[in-house]
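Working notes, beginning with the structure itself.
The values are calculated or read from the model by the stated rules, or taken from the named source; none is laboratory data. Predicted, not measured: the structure shown is a model, and the values here were computed from it. Here the Cβ positions follow ideal geometry from the backbone for every residue, glycine too, while neighbour counts run over all protein chains shown.
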Amino acid sequence: MLYSSIIRLFGWVFIVSTIVMLALPWKWHQRFSRKVVPYANQYLRPIGIVSIGIGFILVWSLFPVPRR
């Protein structure tokens, strides 16, 4: 499959980050977000564009590529 190793790596990043978020105490998460969100808000438009692009790639990956 085209780009299968990249898609697999991206999937594992999602899985590992989800497990970390589940294991992280709420107070640590809240403290981290208070520091990072004001900085991230400065880059809201690029973050949104990249998020939409990743969403399109994920939806596109659901459809198989016809073989010749």
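Annotations for the structure displayed:
- Residues (within 27 Å of Tyr3 (Cβ to Cβ) and among the polar types (S, T, N, Q)) located in the stretch 13-67: Ser17, Thr18, Ser51, Ser61
- The stretch 5-27: number of residues that are surrounded by 10 or more Cβ atoms within 10 Å (Cβ to Cβ) and more than 16 Å from the chain's Cα centre (by Cα): 1
- Highlighted here are the helices (runs of 4 or more DSSP H) found entirely within the chain that include at least 2 residues which are hydroxyl-bearing (Ser, Thr, Tyr): 4-23, 26-41.
- Pairing each residue of the stretch 1-22 that is within 23 Å of Pro66 (Cα to Cα) with any residue that is at pLDDT below 90 and of a type in the set (Ser, Thr, Tyr), provided the two are 6+ apart or on different chains, yields C-beta distances under 7 Å for Ile7/Ser61.
- Taken over the stretch 45-55, the residue count meeting the criterion of being more than 21 Å from Phe10 (Cα to Cα) and either surrounded by 10 or more Cβ atoms within 10 Å (Cβ to Cβ) or at pLDDT below 95 (or both) is 0.
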